[in-house]
Each structure stands twice: as C-alpha cells, then as structure tokens.
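The values are calculated or read from the model by the stated rules, or taken from the named source; none is laboratory data. Bear in mind that the values here come from a model prediction, so they are computed numbers and not experimental data. All Cβ positions, glycine included, derive from the backbone under ideal geometry; neighbour counts span all protein chains shown. Heavy atoms of the whole protein, side chains included, go into the accessibility calculation; ligands, DNA and RNA do not. Shrake-Rupley method; radii C 1.70, N 1.55, O 1.52, S 1.80 Å.
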Amino acid sequence: MNMWIANSYGKINLGLHVLEKLPTGYHRIESGICFIEWKDRFEVEESKSFQLTLSDQSIPTDGSNLITQAYNLFDKYVGLNQHYSFNITKNIPAGAGLGGGSSNAALTLRILNKLEDAGLSDSELIDFGRTLGADVPFFIKGTPGIATGLGHNIEPADIQPDAWIVTMYPNFESSTAEVYQKCVPNPDHDFSIKGVLLEEEIDQWQFLLENDLEAPVFANHELVGNIKDQMLEFGAEFAMMSGSGSTVYGVFDQDFVAINAYESFHKLGFPANLTRPNFKPDYGIYRKD
Ligand SMILES: C[C@@](CO)(OP(=O)(O)O)[C@H](O)COP(=O)(O)OP(=O)(O)OC[C@H]1O[C@@H](n2ccc(N)nc2=O)[C@H](O)[C@@H]1O
Ligand SMILES: Nc1ncnc2c1ncn2[C@@H]1O[C@H](COP(=O)(O)OP(=O)(O)O)[C@@H](O)[C@H]1O
C-alpha cells in the first residue's frame, strides 16, 4: 500500500491591526504572517473509506475537524477516485493562534490535489479553502506575506525574520471568535504593518508593531501579558502574542539567548518551539516506499 508523508507548519502574526468590524460580524485586518518550525506530521494511505486519527485526543475527529471538512469539500466539488486514511502526529497546540487547524486543512487540499492528479491551481485551492478558515489561503500559498481583507488576501513579502523565534504556548486555548468580538477596531493606526516590516529593522518592531487582539486577551489572562514581559526580559528584540492567542513569541538576535529562553520555558512546563533565522518550510509531499 502506498503511503505519503508531509509536514503541516504553524504560523505567527508579526503585528495585527483590526481595522473595522463589518456588518457580517467579521473584521477587516492587516497582518504580517510568517512560518515557524512547529509542525504536525501527516501520513496518508489509500483506504476503503475516509479515516482520521490524531495523536492529540482532545481534538475532535468527527465532521468538525478541519481535515475532515477539507476532505469532504474536495470530494464534493472536485471528486475523489478513491478514499484515503489520514494519520496525524499533532504537535502544534490547538486554539493557540498558530493556525494549526488552518494549516492542516490547507495541507489536506494540497495532498488530495496531488494524489488525485486533479491539477487545481493554488488560486482554485484557495477558493475552496477560504471558507474553512481565515488563514487557509496563507498556508496554501506557502509564502510569508501581508494578509489583508478578512485575512484571505496574501501579498507575498520577504518578512520571514532573519533572527531566531521562540514560540511559547501557555497551556490554555483562546477562542478566536470571542477575542475578535471583544476587540476594539482602530481604522487609524500611525503605521501600516507592511511599512514597518519592510522598512524597519527588527530592533524597532517593539515600538512600532501592535497586535490589537492582545488587549482583550491580556484583560482576561494576566499570564499572557506576563509571558510577553518575560520574553523581553530573556533578551528578545521583539515579543508579541500571535493572532488571537494564547501563544506568545519572541524574536532574538543571538542563538544562545534564544536557546536559553526556549529551555527556560520548557523547564517551567510550557510547550515551546525554536525557529531558525530565515526559516523556509519543506512543502514537499513525499512517497514513502
Ligand atoms: C486571528 C487570526 C490571525 O491570523 O488567526 P488565529 O489567531 O485564529 O490563528 C485569524 O484572523 C483567524 O483565523 P481563523 O482561526 O482561521 O479564523 P476563522 O475560523 O475563519 O474564524 C473564526 C472566527 O473569528 C472571527 N473572525 C475571523 C476572521 C476575521 N477577519 N474576522 C473575524 O471576526 C469570526 O467570528 C469567526 O467566526
Ligand atoms: N485539524 C485540526 N487541528 C487543530 N485544531 C482543529 C482541527 N480541526 C478542528 N480544530 C479545532 O479548531 C480550533 C482552532 O484550532 P487552531 O486552528 O489550531 O487554532 P487557532 O485558530 O487559534 O490558530 C480548536 O478549538 C480545535 O478543536
């Protein structure tokens, strides 16, 4: 039986402006999105019917799972010649602001497109995927960039930091819908995120970049604000909550300072990850013989 393996990477938001609440309840945003090395592993095999197993038992494997939703969407609109089983080693914490679910959905679409030889373009896959999650288009494109609109429009940009990134999960989930609902949109920021990321050095980001979703999370969870302070005390040039939280990351100039921060969080019992400078994800889907 043929088996394919692939990696599903996480993301972080380098700044996030919530510009406006639309009549639909959704929000118009601007955000820089880049990759981190925190990744889930997919093993996919041909099978009589669709099956999904996840190493993380707390994530549902029913129809609400984003892998199942992506699979069903592809089956409905493109069609499958045969079925597949998905076995996922889940490492990216869920509900963490790291886009793990969106990343899994995007990879499911990319895998089916390849295994079924369907020949859909990235923009066709994005049209399917955007309904599954705001970050799915980013994960289909596979390139860092500036997200605008509802977060679906990605303008590729060279914003992957040439620095170490320490990502730390505070051991509780944050609800994206709830955090957006509580945030106060601001249409008049002094700087655009694109301008700061493309024109300013990393040592200026702490003074110029904002994540408008931090305030509602910090108000409910003092710990998240404290971790951001701790990240800066450990020597980060820049620290911020990713997306709607709860993960906090720090961007570090020097490897030994980043490694010390990473190991310290681990010792305190928090899942953490270390991403190398200029990290590029391996987007290959490989056949395992
Ligand atoms: C905040 C961001 C930043 O990258 O990521 P996460 O922190 O979730 O990873 C995204 O905007 C989220 O992405 P994602 O988690 O895929 O959101 P979705 O499933 O599409 O939407 C969840 C809920 O968030 C709210 N939502 C989402 C996107 C948006 N532009 N405006 C919104 O108000 C809506 O209430 C929606 O029902
Ligand atoms: N394949 C999946 N991986 C992770 N979470 C999933 C998946 N499918 C559904 N979910 C659900 O989606 C929610 C958001 O997960 P995720 O996308 O990882 O977080 P975030 O939107 O904060 O980046 C979680 O509550 C989780 O139960």
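Restriction of the chymotrypsin sites (Phe, Trp or Tyr not before Pro) in the stretch 133-215 to DSSP coil positions whose beta-carbon has at most 13 other beta-carbons within 10 angstrom yields Phe172. The H on the amide N of Met3, modeled in the peptide plane, is under 5 Å from the matching H of Lys288, each at least 5 residues off or on a different chain.
The orientation-averaged projected area of the convex hull spanned by the Cα atoms of the stretch 204-289 comes to 7.9 nm².
With the other protein chains left in place, how much accessible area per residue, in square angstrom, belongs to the stretch 164-275 at a 1.4 angstrom probe?
Working: 5460 Å² over 112 residues.
On a per-residue basis, the stretch 164-275 sits at 49 Å².
Orientation-averaged projection of the stretch 54-124 equals 5.1 nm² [convex hull of Cα atoms, one quarter of hull surface area]. With the simple model of a label 7 Å out from the Cα in the direction of the Cβ, Glu37 to Asn87 spans 2.6 nm.
Projected onto its three principal axes, the C-alpha set of the stretch 3-158 covers 47, 32, 30 Å, listed from the longest axis down.
Where both bridge residues fall in the chain, DSSP classifies roughly 90% of the beta bridges as antiparallel.
Take the Kirkwood radius over Cα pairs of the stretch 1-77, plug it into Stokes-Einstein at 20 °C and 1.002 mPa s, and you get 135 µm²/s for translational diffusion.
A 1.4 Å probe run over the protein chains yields, for the stretch 3-158, 39 Å² of accessible area per residue, whole-number rounding. Near Ile36, the amide H atoms lying under 5 Å from its own belong to Gly10, Lys11, Ile12; only residues 5 or more places off or on other chains count, and H is placed 1.01 Å from N. Peptides 255-265, 236-246 ranked from most to least packed by the mean count of surrounding Cβ atoms within 10 Å: 236-246, 255-265. Helical content alone sets the calculated 222 nm signal of the chain at -9500 deg cm²/dmol, taking -39,500 (n - 2.57) per DSSP H segment of four or more residues and averaging over every residue. Here's the list of lysines a cross-link from Lys90 could span, going by alpha-carbon distance under 23 Å and ignoring same-chain residues fewer than 8 apart: Lys11, Lys39, Lys114, Lys141, Lys267, Lys280, Lys288.
Note on Glu233 and Met1: the model spin-label points, each 7 Å out from Cα along the C-beta direction, lie 5.1 nm apart.
Spin-label model, Asp122/Asn226: points 7 Å from Cα along the beta carbon direction are separated by 4.2 nm. log10 I(q)/I(0), Debye, Cα-only the stretch 133-289, no solvent, q = 0.09, 0.14, 0.15, 0.20 Å⁻¹? These q points yield log10 I(q)/I(0) values of -0.31, -0.78, -0.90, -1.54. Here the chain exposes an accessible surface that is 46 percent carbon and sulfur, computed with a 1.4 Å probe and the other protein chains kept in place.
Quick one: compute a quarter of the convex hull surface over the Cα atoms of the chain and quote it in nm². Walk me through the intermediate numbers first.
Details: hull surface 60.1 nm².
The directionally averaged projection comes out at 15.0 nm².
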